[in-house]
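Every number in this text was worked out from the coordinates using simple rules, so none of it is lab data. In this text, all values refer to a predicted model and were calculated from it rather than measured experimentally. All Cβ positions, even for glycine, are placed from backbone atoms using ideal geometry, and neighbour counts span all protein chains on display.
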There are 2 protein chains.
Amino acid sequence: MAHLSIIGTGTMAQAIADVARKGGSTVDLIGRGDTTPVTGDVVVLAVPYGAVAEIVEQRGAELAGKVVVDITNPVDFETFDGLVVPADSSAAAEIQAALPDSRVVKAFNTTFAGTLTAGTVGDVTTTVLVAGDDEDAKRLVSDVVDAAGLRAVDAGPLRRARELEALGFQQITLAASEKVSWTGGFAVVA
Amino acid sequence: MAHLSIIGTGTMAQAIADVARKGGSTVDLIGRGDTTPVTGDVVVLAVPYGAVAEIVEQRGAELAGKVVVDITNPVDFETFDGLVVPADSSAAAEIQAALPDSRVVKAFNTTFAGTLTAGTVGDVTTTVLVAGDDEDAKRLVSDVVDAAGLRAVDAGPLRRARELEALGFQQITLAASEKVSWTGGFAVVA
């Protein structure tokens, strides 16, 4: 399978690492402040959206040519009433603009960590919605997911990250208001 | 239960009528071109978004004081690549602005007709996400849903219609590209 460098060491970073390893991929987990080079073909930015700019600044050149996975939900955590990216854009689109030589893929922002680790949302196999403009990049990320027994679904071009981030935000608001649990949320039924 | 006037006679109108009747509500189904007065406490605009403006024009005065349910997904069906409402707005917000004396509730736009009729998405009870600024109006619509054995979930203020419409759009793109069926899609797991 693939070799992933995951930047971030939080719950989502660990959960994505577990998924990747379960499917036979190799993983480096790299702390946000760490300057270790990223050696993966796939680099997952498993950090809050607010921390991405610094990584882009530090590692922009290093990320050229690589598949960069944006997992963020750019929620305005002061108001909890919207996103901090422009309404007609997305975190993924902003990151792609900042990393023009990388192939950005949106994934893992609609799955809580608990559902990645469990492999299910309720009784439904956990589905990772994957959006991006580069078909090979999407396939690479999707293969990592599928190999772990989860289900990757192509959600369309990178423009659809706007919708995936709306979905991720809505799901977080439902969990924060205890309408769903952090091991539940949106399941994708084929 | 409630008395609903449903404007529209298509698949969604029929499915919502079935849900309402199952829960003990009474329903008038009114064709788009029909001038029959709406007598329901709850008026469901079960028409495509493009047909709403004419209804607002014809029936604006009549809808004052009523709970108006917007079920639309304002997809740009020419491009299938976005919505026809401003990116920072929603169909529901536009309708509320056009009907300032009505209490607009967003509901039923994230559930395909087949899942309303079946009562399930896969093995999960069909959940109707309900957004609105008037708590009584939301409760009225939610009670109609719950009484039918489905599950209504409060998705927040009417501003969240932006997210619900993104979710509805994403779900339609997944069904149109055969990633999910029209009896599947997003299930909400508690």
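Figures for the structure shown
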{"read-out": "Largest to smallest principal axis extent of the C-alpha atoms in the protein assembly as shown, angstrom", "value": "70, 36, 36"}
{"read-out": "Furthest towards positive pole of dipole, B:V68, B:V42, B:T173, structure part the stretch B:3-176, Cβ charges", "value": "B:V42"}
{"read-out": "Karplus-derived 3J(HN,Hα), 6.51/-1.76/1.60, for each residue of the stretch A:141-148, Hz, glycine and proline x", "value": "5, 5, 5, 4, 5, 4, 5, 8"}
{"read-out": "Using distinct alpha-carbon pairs, which all enter the 1/r mean, Kirkwood radius of chain A in Å", "value": "16.3"}
{"read-out": "Debye, to nearest 20: dipole size of chain B, +1 on Lys, Arg Cβ, -1 on Asp, Glu Cβ", "value": "400"}
{"read-out": "Among beta bridges that DSSP assigns inside the protein assembly as shown, antiparallel share in %, nearest 5", "value": "25"}
{"read-out": "For the stretch A:107-112, Karplus couplings with θ = phi - 60° (6.51, -1.76, 1.60), whole Hz, Gly/Pro x", "value": "7, 6, 8, 9, 10, 5"}
{"read-out": "Average partner coverage of A:164-175, which counts Cβ from other chains inside 10 Å", "value": "5"}
{"read-out": "Shortest-first nm distances, A:E135 label point to equivalent points in other copies (7 Å, Cα→Cβ)", "value": "5.3"}
{"read-out": "Ellipticity estimate at 222 nm from DSSP helix runs (n ≥ 4, -39,500 (n - 2.57)) divided over the protein assembly as shown, nearest 500", "value": "-10500 deg cm²/dmol"}
{"read-out": "Amide proton proximity set for A:V42, modelled H, under 5 Å, gap of 5+", "value": "A:H3, A:S5"}
{"read-out": "Rg followed by Dmax, in Å, when the stretch B:1-70 is reduced to its Cα trace", "value": "11.1, 32"}
{"read-out": "Chain A: Lys pairs at Cα distance under 22 angstrom, eight or more positions apart or on different chains", "value": "5"}
{"read-out": "Charge sum, other residues only, whose C-beta stays under 12 Å from B:S102's C-beta, Lys/Arg counted +1 and Asp/Glu -1", "value": "-3"}
{"read-out": "Nearest-first distances (nm) between copies at A:E178, label 7 Å from Cα via Cβ", "value": "4.5"}
{"read-out": "Peptide A:79-88, shielding by other chains (average Cβ, 10 Å cutoff)", "value": "2"}
{"read-out": "Relative contact order of the stretch A:14-143, defined on C-alpha pairs under 8 angstrom at six or more residues apart (%)", "value": "22"}
